[in-house]
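The values are calculated or read from the model by the stated rules, or taken from the named source; none is laboratory data. Computed from a predicted model, the values in this text were never measured in an experiment. Neighbour counts are summed over all protein chains in view; Cβ atoms, including those assigned to glycine, are modelled from backbone coordinates with ideal geometry.
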């Protein structure tokens, strides 16, 4: 999508005559930098973030982690905003290796979970604890996306098994057609509902990787298991409505 940053009325009007889908940012909507507002708004806004803690290139920057950037994206979308992510080009115009690695991680997460943050709107509440919520509305019912971290120490999981999470959503009311699943994974999750909320038990069965660490360092000699990136997981809940809180 074309993007225009700055307030210049003649140029803005000319741009809109040429391309009606152009996005006008700064000067037309709130654009907080390096922060995320504390609550959802009814108007459009954009949070301007960086992969490090500055806008220009440094050889050895203090980087945000890929997980932190994904978490920022999730929270911004749950609050109804857009995220602008700045990378710092090197003097010759190339993207630095550390920024390239972050963008690849973000692209991988989006490939699996993009429907939870693209074309969505805030749910009746933005989050329940550390579970962040977005929705796509279809008439009287919605598809809800519950985005959260999974744990490795849940009952029924261990270093030999897979990560999982049990959580309750008090703001959700299911229907006869409700299904609960994890994006990028076949099969459905266990769930039940009573007057206190929707109880979901989810296990991520597709993240395990086996990696033999190189070298003879004794610290890594026995560590041949790598359980994949520790990034937020999306639980998809279809055909639901808001509960009366």
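Restricted to the stretch 222-245, and to residues there that are modelled with pLDDT of 50 or more, assigned to a loop (DSSP other than H, G, I, E, B) and out of contact with any strand residue (DSSP E or B) (no Cβ under 6 Å at 6 or more places or on another chain), the residue that is surrounded by the fewest Cβ atoms within 10 Å (Cβ to Cβ) is 244. Of all residues in the stretch 151-175, those that are outside any loop (DSSP other than H, G, I, E, B) and modelled with pLDDT under 95 total 4.
The strands (runs of 3 or more DSSP E) found entirely in the stretch 79-150 that carry 3 or more residues being in contact with a strand residue (DSSP E or B) (Cβ under 9 Å, 6 or more places away or on another chain) and closer than 19 Å to residue 241 by Cα are 121-128, 131-138, 141-148. For the stretch 1-15, the set of residues classified as under 30 Å from the mean Cα position of the chain (by Cα) and surrounded by 12 or more Cβ atoms within 10 Å (Cβ to Cβ) consists of 4, 5, 7, listed by residue number. Criterion applied to 120, 74 was being within 23 Å of residue 151 (Cβ to Cβ) and at pLDDT 95 or above, and the one residue passing it is 74.
When we screen 13, 67 for residues that are within 28 Å of residue 127 (Cα to Cα) and out of contact with any helix residue (DSSP H, G or I) (no Cβ under 6 Å at 6 or more places or on another chain), the only hit is 67. Within the stretch 43-54, the set of residues being out of contact with any strand residue (DSSP E or B) (no Cβ under 6 Å at 6 or more places or on another chain) and either surrounded by fewer than 13 Cβ atoms within 10 Å (Cβ to Cβ) or in a strand (DSSP E or B) (or both) comprises 43, 53. On the given criteria, is residue 62 part of a loop (DSSP other than H, G, I, E, B) and within 21 Å of residue 36 (Cα to Cα)? When the stated conditions are applied, residue 62 passes them. When residue 68 is tested against the conditions (1) under 22 Å from residue 129 (Cα atoms); (2) not in a helix (DSSP H, G or I), the lone failure is (2). If you go through the stretch 190-200 and keep only what is closer than 20 Å to residue 127 by Cβ and at pLDDT below 95, you end up with just 196. The residues of the stretch 18-42 that are assigned to a strand (DSSP E or B) and exposed (fewer than 14 other Cβ atoms within 10 Å of the Cβ) amount to a single one, 33.
Does residue 107 meet the test of being surrounded by fewer than 14 Cβ atoms within 10 Å (Cβ to Cβ) and within 27 Å of residue 199 (Cβ to Cβ)? Here the answer is no, as residue 107 does not meet what is asked.
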